[in-house]
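One structure is given here, and the rest of the page talks about it.
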Amino acid sequence: MRIAVATCRPLPEPDVDEPLLLEALEKAGIVAEMTAWDDPSVAWDTYDACVVRSTWNYLDAPGEFADWIREVSTKTLLLNPAEAMIPNIHKRYLLNLEKAGVKIVPTKVLGKGEEVERVDFFEGRAIVIKPAISAGSWLTRKFIPSQFSEGVTFLAQNLTDQDMLVQPYLESVERREEIAWNWIDGEVTHGVRKSPRFDEGYEDVSNAVYPTDEDRQRLAHIMDRAPQNLLYARIDLMEDQGDWLLSELELIEPSLFFKQNPDAISKFIEALRRRVAFGK
């Protein structure tokens, strides 16, 4: 088996999952080649599958990235599937999940070119402003109420060329009450607690945490309403006043924190091998 592991060049930051995954693939007898999604010389139809991992520069060219997804899906087995990844590029997917019955962090989407005079959308709570198409913490800023005038300026400046999101800042993240859960082949494998990260700052994560029965039910409720036939996903939840709210459902290029639970790599590879064997 020969697979392409889609990345970008240069990587904006190291992918801590990459060496662990490549080593495990080699041990499993799978030939894996790191291939930049935006390299026009890559012959995607020569691979048995393409697994999207660290394509972190797609935010600079989201339309071209969506076209690439469509093209590669016609040439080889693409994981995750195109129908899952393309809607996940723009964070308006959160509003669609909310309509389907998922509790999300309250989210206001503002369109490119929209005029804005205020950012106090959440009863005086501190806010987070970020692009609707983003990766990592790029252009993600927190503003407390005394800084809302600065928030208006920041938002207006960035709305000139892109859609933006405004969400309340949930203080629980300072107590590491944000958990990123890994979902591989239909099951949660583990999670990590995360500290808040802004504008390309350092991401601090915990050792592995494992789900309770209540966690599993909550995650299954979300994933039942998400695109299906996923090889992987990451479900980021934040606690707010006793409720767990979805802040992100990452289906394209999430870090999967393999270092915290190496068993998850084995599950990932087994699921990959099975999908290639059955062609889906």
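The values are calculated or read from the model by the stated rules, or taken from the named source; none is laboratory data. Treat the numbers as computed from the prediction; the structure is a model and nothing was measured. For neighbour counting, all protein chains shown are included, and Cβ atoms are generated from backbone atoms with ideal geometry for every residue, glycine included.
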**Request:** Kindly provide the set of residues from region 263-280 that are touching a residue at least 12 places away in the same chain (Cβ under 8 Å), assigned to a helix (DSSP H, G or I) and within 15 Å of Tyr47 (Cα to Cα), ordered by number.
**Result:** Leu272, Arg273, Arg275, Val276
**Complete:** Of (1) under 27 Å from Ala66 (Cβ atoms); (2) in a helix (DSSP H, G or I), Glu26 fails just (1)
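Being assigned to a strand (DSSP E or B) and under 16 Å from the mean Cα position of the chain (by Cα) is the filter; apply it to region 191-213 and report the residue that is modelled with the lowest pLDDT. First the steps, then the outcome.
Our first condition is that a residue be assigned to a strand (DSSP E or B); within region 191-213, this holds for 191-194, 205-209.
Going one step further and asking which of them are under 16 Å from the mean Cα position of the chain (by Cα), we end up with 191-194, 205.
On the way: Gly191: 96, Val192: 95, Arg193: 91, Lys194: 83, Val205: 80.
Per the criteria, the residue is Val205.
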**Asked** From the set of residues in region 34-64 that are among the acidic types (Asp, Glu) and surrounded by fewer than 13 Cβ atoms within 10 Å (Cβ to Cβ), which is nearest to Gly279 (Cα to Cα)?
**Response** Asp45
**Prompt:** Within region 171-188, is there a residue that is modelled with pLDDT under 90, in contact with a strand residue (DSSP E or B) (Cβ under 6 Å, 6 or more places away or on another chain), under 18 Å from Ser255 (Cβ atoms) and in a loop (DSSP other than H, G, I, E, B)?
**Reply:** yes
**Fill in**
With criteria (1) surrounded by fewer than 18 Cβ atoms within 10 Å (Cβ to Cβ); (2) touching a helix residue (DSSP H, G or I) at 6+ places or on another chain (Cβ under 7 Å), Ile144 comes up short on (2)
**Message:** Considering only region 154-164, I want to know if a residue exists there that is among the polar types (S, T, N, Q), surrounded by fewer than 19 Cβ atoms within 10 Å (Cβ to Cβ) and within 30 Å of Ala264 (Cβ to Cβ).
**Reply:** no
**Message:** Can you find a residue that is out of contact with any His (no Cβ under 7 Å at 6 or more places or on another chain), under 24 Å from Gln162 (Cβ atoms) and of a type in the set (Ser, Thr, Tyr) anywhere in region 62-80?
**Reply:** no
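Here are some residues: Glu123, Glu64, Glu71. Which one is farther than 14 Å from Glu248 by Cα, among the charged types (D, E, K, R) and outside any helix (DSSP H, G or I)? Give the steps one after another, and end with the answer.
Numbers: Glu64 fails: outside any helix (DSSP H, G or I); Glu71 fails: outside any helix (DSSP H, G or I).
Step by step, each of Glu123, Glu64, Glu71 is checked, and only Glu123 is farther than 14 Å from Glu248 by Cα, among the charged types (D, E, K, R) and outside any helix (DSSP H, G or I).
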**Message:** Please verify whether Glu253 is under 22 Å from Cys50 (Cα atoms) and assigned to a helix (DSSP H, G or I), treating the condition exactly as stated.
**Reply:** no
**Prompt:** Can you name the number of the only condition in (1) surrounded by fewer than 21 Cβ atoms within 10 Å (Cβ to Cβ); (2) part of a helix (DSSP H, G or I); (3) of a type in the set (A, V, I, L, M, F, W, C) that Trp244 fails?
**Reply:** (2)
